[in-house]
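One structure is given here, and the rest of the page talks about it.
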Amino acid sequence: MSDIIRQIDEDLRREKLSKLWNKYGLYAVSVIIVIVFTVIGYQLNVSISKTKNEILVETFINATNDNNFIKQIPLYEEIISSNNEYLSGLAALRTSNLQVQNGNIEEGYSTLEKIAENIEYDVVIRDLATYLLFMAKMEDPDDLASNLNLTNERIESSPFKYSFLEIIAVRKLILGDYAEAKKDFEDLISNLDLPIEIRNRAIKFIELS
């Protein structure tokens, strides 16, 4: 009987965790995307005066505003093949998103993997691709951080340091490693530089660990 009760408690905990992550996960990604555009915006403004980049920016805007998947992909591919590492990276991310939205999930993940591994892209683009892959494969039992080359050194130097640390702790919760997850969240909260939105989520997640 005790095993049955423990299993029920475990299922309820996972359900609460899933609801909490579904509530805040999209918000976390939205914040990161805002950061990406903020960081890259300056570089685009610097280069937009050049004719070639003006054309690329116009192509990117046209692709983004077009709701036809078939028309969007070739436009993004044109940008990806350019030498503009910022727009090229954004176009690749958009392509991945479109592939997933249209049911080509594995293809979309494959695109993210290529972005994350391409050293020609800006670090912000590569780290965002890695973060999205981590989110997509949260329940993968393999060593996900190692598979994605998410080393401690890379996390420490990443613009998304705290977002990476948060999602690693969330994954431990999902996989049932509650003690380790709680420790990770407590370590996060103890950091004075931690963004307030991540701190608030960490407190909520600790309640489930």
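Read the figures in this text as sums done on the coordinates, not as results from a lab. Just so it is clear, the structure is predicted and the values come from calculations on it, not from any experiment. Every residue, glycine as well, gets a Cβ built from its backbone with ideal geometry; the counts of neighbours run over all protein chains shown.
Couple of notes before you dig in:
- With θ taken as phi - 60° and the Karplus curve 6.51 cos²θ - 1.76 cosθ + 1.60 applied, the whole-hertz 3J(HN,Hα) list for the range 154-164 is 5, 4, 4, 8, 7, x, 10, 3, 6, 5, 5 Hz, x standing for glycine and proline.
- Relative exposure of L90, L192, judged by other C-beta atoms within 10 Å (fewest first): L192, L90
- Surrounding net charge for Q72, when Lys and Arg each add one and Asp and Glu each subtract one, Cβ distance under 9 Å: +1
- Rg of the Cα atoms in the range 92-209, relative to 2.2 N^0.38 Å, amounts to 1.10.
- Pairs with C-alpha atoms separated by more than 18 Å, drawn from the list K137/K172; K137/K204; K183/K204; K137/K183, are K137/K204; K137/K183.
- Which of S190, S163 has the fewest Cβ neighbours within 10 Å, and the rest in rising order: S190, S163
- Counting every other Cβ atom within 10 Å of each residue's Cβ, R199, R171 order from fewest to most as R199, R171.
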